[in-house]
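One structure is given here, and the rest of the page talks about it.
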Protein chains: 2
Amino acid sequence: MSTISEPLYRRVRKDIVECALTPGKSFSEAELGRLYHASRTPVREACRRLEHEGLVRIIPFRGYSIAPLSVAEFHDLQEMQLIFEPATAALAAERANQKELDEMRELATYEYNIEDKNSYHEFLQTNYQLHSLIAQSSKNKRLSDVVSNIHVRLMRFFYLGLSFESHGPTLVAEHISLVEAIRNRDIEQARHMATDHISKAIERSAKLLMGAIRFGEAVFEASPEMGDSQLARKYIVPRI
Amino acid sequence: MSTISEPLYRRVRKDIVECALTPGKSFSEAELGRLYHASRTPVREACRRLEHEGLVRIIPFRGYSIAPLSVAEFHDLQEMQLIFEPATAALAAERANQKELDEMRELATYEYNIEDKNSYHEFLQTNYQLHSLIAQSSKNKRLSDVVSNIHVRLMRFFYLGLSFESHGPTLVAEHISLVEAIRNRDIEQARHMATDHISKAIERSAKLLMGAIRFGEAVFEASPEMGDSQLARKYIVPRI
DNA sequence: AACAAGAAATCGGTATACCGAGTGTTGACG
DNA sequence: CGTCAACACTCGGTATACCGATTTCTTGTT
């Protein structure tokens, strides 16, 4: 297959996720075309797709911008994770096949070196792959697509610097417990471990966010979409 | 606002949802352009959007088709409802404002006439609006978008003839209970009523599906994506 | 100096010509 | 009669010219 659109889309998406393209930055079709050596048509198409995924914003008749990061979005996405991931974990415990189970263990045990900066980015990728694989194992393609998209959108925050570097070993431990529950086909335990994992991730990032808002002001949107209360938004955790 | 693309997209989507465009039917850009009096560019854009929403399929370099209906998709979508709707109901119970609460009651108490065929379609619309409103009340825009999309995709099955006509009064009763729970800000009760509502909807449609598969064979995809076991797929219901 | 009207520039929206990928058909050859 | 290669046809992919919406800058008036 030799289309321009598809690889272009992937490249731009990668650059947005890794924050090589600054959140909030505005641009035009021509500009992006120059950057990636493509003409308007494929650029347009890529941008439309990215808009659907929440990575690009389109202002009709005006232009485009890389979707800004906002506290509201961060909350929304994590709230969705808290709903979806326990459910997908439960389904995965029921439906994953042996190959998937083995690959999960592989991904969960990935050790990253706290000292090495590159290793952090690799960890982000591995983390993404693990959660995607669990979602895939639910054997519900539509669900799996949604969960993957949530993760992609969240990764931007972590690439930006909302780092869980210091929590590395803890995270790995949580992943291992979750995967073991799935491997044991223990549905309720899988659901429980996922809820626990996401809840803790939310707690961990809550503190970091506070600092980052001031620190990274430039890339954080002055959210018109959220009230003051949002910072202290209450998460409705499913009882397990 | 004077674009061709946007209204075109809406019209095509409406026609797909209402099955005026037959599921599985293949078509070309030019053809659709002739039908809706538009040139290729806006047609292309509309089709891309519809593909993202799962209503259209694109075969690269070959053509398009209206996304076929399959038992697998039906299951996937209902499974997602079973995960999302209880969660959005719980959030709505926490966050809906007075205006939303009032409108919910309005929509929930909509009575439809079993005799009148048109009334059934109106009911489908009202049903959609109610569920969308509940999702919106979660104040999580990304979540609300996903839930709406699921509903849109499910509506095609009901427009086709997978009817819950005979269950009218029961459905209304379930809606009223759900809305009352939300109005009382009883989070766990809202979650419970939503789970109950969706579970029953799944049960009801399971029987209908069996008949419809044979009856409407033409529009049902000979699903390569599902094994035989799928018909009897076990739903992993969250404990409540 | 403030402001309003209009010109110009910018940018996406749309139409369309052209190109190359994928399929099906046909006819020559074994 | 079967096989396969070349060709023609169809359709989406891409490039691009043109148009209209929107904003910005300029300029003249008060």
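The values are calculated or read from the model by the stated rules, or taken from the named source; none is laboratory data. The model shown is predicted, which means the values in this text are computed figures rather than measured ones. Note that each Cβ is placed from the backbone with ideal geometry, even for glycine, and that neighbours are counted across all protein chains shown.
When restricted to residues that are farther than 25 Å from B:Phe61 by Cα and either more than 13 Å from DNA strand C (Cβ to nearest atom) or of a type in the set (Asp, Glu) (or both), the range A:1-39 contains 12.
Taken over the range A:40-52, the residue count meeting the criterion of being more than 8 Å from every other protein chain (Cβ to nearest Cβ), surrounded by fewer than 17 Cβ atoms within 10 Å (Cβ to Cβ) and more than 8 Å from DNA strand C (Cβ to nearest atom) is 1. Against the numbered list (1) within 12 Å of chain B (Cβ to nearest Cβ); (2) within 16 Å of DNA strand C (Cβ to nearest atom); (3) crowded, with 21+ Cβ neighbours inside 10 Å, A:Gln81 comes up short only at (2).
Do we find a residue being modelled with pLDDT of 65 or more and within 13 Å of another protein chain (Cβ to nearest Cβ) anywhere in the range A:172-185? Scanning the range A:172-185, I find at least one residue that is modelled with pLDDT of 65 or more and within 13 Å of another protein chain (Cβ to nearest Cβ), so the answer is yes.
The condition (being touching a residue at least 24 places away in the same chain (Cβ under 8 Å) and either of a type in the set (D, E, K, R) or more than 26 Å from A:Glu53 (Cβ to Cβ) (or both)) is satisfied by just one residue among A:Ala87, A:Ala93: A:Ala93. One residue alone among B:Leu101, B:Leu77 is farther than 29 Å from A:Thr88 by Cβ and hydrophobic (A, V, I, L, M, F, W, C), and that residue is B:Leu101.
When the residues of the range B:29-70 are filtered to those that are in a strand (DSSP E or B) and near DNA strand D (Cβ under 8 Å from one of its atoms), which remaining residue is nearest to A:Arg44 (Cα to Cα)? I'd like the intermediate steps shown before the answer.
Start the filter on the range B:29-70 by keeping residues that are in a strand (DSSP E or B), which leaves B:56-59, B:63-66, B:69.
From what's left, near DNA strand D (Cβ under 8 Å from one of its atoms): B:58-59, B:63-64.
Working: B:Ile58: 17, B:Ile59: 19, B:Gly63: 20, B:Tyr64: 20 Å.
Applying the filter and picking the extreme gives B:Ile58.
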